[in-house]
Amino acid sequence: MFKKTVAVVLSALVLTACGSSNSEVTETKAPTSANFPVTINNNGIDVVITEQPDAIISLSPTATEMLFAIGAGDQVIAVDDQSTYPAEAPISDLSGFTPNIEAIVAKQPDLVVVSNDIDNVISALQSAGVPVLLESAAATLEDTYAQIAELGLATGQVTGADELIMSMKSDVDTALKSLTNPLSELTYYHELDPTLYSVTSATFIGQLYALAGLENIADAAPDAESGYPQLSAEYIVKADPDLIFLADTKCCSVTQAELAARPGFMALSAITANSVVELDDDVASRWGPRTTEMLTAIVNAVNKLTAAQ
């Protein structure tokens, strides 16, 4: 079970890392439910949505969170099997990793949102007459805001999208303004799974840590250019990070106690200073509305450690 869970996590990371974030919305007018059709330039493809969609399928957990957060939840008829939030999302057996075109089309969607073009799912759905939006893994917060705006246009929930973007920007500003300056530059290790895969500063997650002024120990690791290097226990012990963030608490039941029990880890500065943060895996791996929760957790950890210095 553990190996299967890790495989799913790493597959998701590889797929999203290979995607290109779509940050351009070319529609100049802000439509409401009354002024469809709209044409959205999505990754270089003009997607025409003739009427406000009321049978949306999301094959992306992040897009699912965005749709509900902007007020389009009632328009969603099904989400993929990895869309665990919010609780009211109509989860189904549809998969974003192994999309079943027949099963998707059978639900008669008027809009499908994906995060990857696996098995040419986009062209297959377009051939079936179904509009598709590709919302790839964001590279920056601006990409996240652009995707939210795009989904607002596509669903007729422009006001909700605008309000969500403003709220997120306000939360980011509040978190960063509360950040206290440490006496020295702090380092961190972000754990994706117990096999010690991590992230670099070049990733979306890594950029959140950079906003908080943290130095990533994975940036100098072998295979760092991939964005998701696998570290060794010896490498982590030698780097001795000031902070450790665990993004494998749900998938793999990793805790601070389990971390401390690993050979050589008990003496790590992060463990002796009680500076291990147990994150929600989903919040830590998505680039949607709850990104601000992730940033706030990072800032709180920095402030706590700084106060103890």
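Every number in this text was worked out from the coordinates using simple rules, so none of it is lab data. The model shown is predicted, which means the values in this text are computed figures rather than measured ones. As a convention, Cβ positions derive from the backbone with ideal geometry for all residues, glycine included, and neighbour counts pool all protein chains shown.
Could you grab the pairs with beta carbons closer than 9 Å, sequence gap of 6+ or different chains, first residue in segment 237-262 and without any contact (Cβ under 8 Å) to a residue 24 or more places away in the chain and farther than 21 Å from residue 216 by Cβ, second one among the β-branched types (Val, Ile, Thr) and surrounded by 21 or more Cβ atoms within 10 Å (Cβ to Cβ)?
255/276; 260/276
Check 161, 139 and return the single one that is in contact (Cβ under 8 Å) with a residue 12 or more places away in the chain, part of a loop (DSSP other than H, G, I, E, B) and of a type in the set (A, V, I, L, M).
Values: 161 fails: part of a loop (DSSP other than H, G, I, E, B).
Exactly one residue qualifies, and that residue is 139.
Among the residues of segment 96-134, count how many are assigned to a loop (DSSP other than H, G, I, E, B) and either exposed (fewer than 15 other Cβ atoms within 10 Å of the Cβ) or among the aliphatic types (A, V, I, L, M) (or both). Give the steps one after another, and end with the answer.
Restricting attention to segment 96-134, the residues satisfying the condition of being assigned to a loop (DSSP other than H, G, I, E, B) are 96-100, 107-110, 115-117, 128-131.
Keeping just the survivors that are either exposed (fewer than 15 other Cβ atoms within 10 Å of the Cβ) or among the aliphatic types (A, V, I, L, M) (or both) gives 98, 100, 107-108, 128-130.
Summing the residues that are assigned to a loop (DSSP other than H, G, I, E, B) and either exposed (fewer than 15 other Cβ atoms within 10 Å of the Cβ) or among the aliphatic types (A, V, I, L, M) (or both) in segment 96-134 gives 7.
Take segment 174-201 and flag every residue that is of a type outside the set (Ser, Thr, Tyr) and in contact with a helix residue (DSSP H, G or I) (Cβ under 6 Å, 6 or more places away or on another chain). Steps first, answer last, please.
Within segment 174-201, the first condition is being of a type outside the set (Ser, Thr, Tyr), and the residues that meet it are 175-177, 179, 181-183, 185-186, 190-194, 196, 199.
Answer for segment 174-201, where residues must be of a type outside the set (Ser, Thr, Tyr) and in contact with a helix residue (DSSP H, G or I) (Cβ under 6 Å, 6 or more places away or on another chain): 175, 179, 182, 193, 194, 199.
Filter segment 202-227 down to residues that are farther than 12 Å from residue 189 by Cα and in a loop (DSSP other than H, G, I, E, B) and give me whichever is farthest from the chain's Cα centre (by Cα).
Step by step, filter segment 202-227, then rank; the result is 222.
In segment 228-258, which residues are among the β-branched types (Val, Ile, Thr), within 21 Å of residue 215 (Cβ to Cβ) and part of a loop (DSSP other than H, G, I, E, B)?
Residues of segment 228-258 among the β-branched types (Val, Ile, Thr): 236-237, 244, 249, 254-255.
Pick out the ones that are also within 21 Å of residue 215 (Cβ to Cβ) and you get 236-237, 244.
Scanning segment 228-258 gives no hits.
If a residue must be within 25 Å of residue 207 (Cβ to Cβ) and not in a helix (DSSP H, G or I), how many such residues does segment 274-308 contain?
11
Does residue 65 meet the test of being among the acidic types (Asp, Glu), within 23 Å of residue 159 (Cβ to Cβ) and part of a loop (DSSP other than H, G, I, E, B)? Explain how you work it out, then say what you get.
Values: among the acidic types (Asp, Glu): yes; within 23 Å of residue 159 (Cβ to Cβ): yes; part of a loop (DSSP other than H, G, I, E, B): no.
No: the conditions fail for residue 65.
Looking at the structure I just gave you, is residue 215 within 15 Å of residue 294 (Cβ to Cβ) and either aromatic (Phe, Trp, Tyr) or surrounded by 14 or more Cβ atoms within 10 Å (Cβ to Cβ) (or both)?
Working: within 15 Å of residue 294 (Cβ to Cβ): no; either aromatic (Phe, Trp, Tyr) or surrounded by 14 or more Cβ atoms within 10 Å (Cβ to Cβ) (or both): yes.
No.
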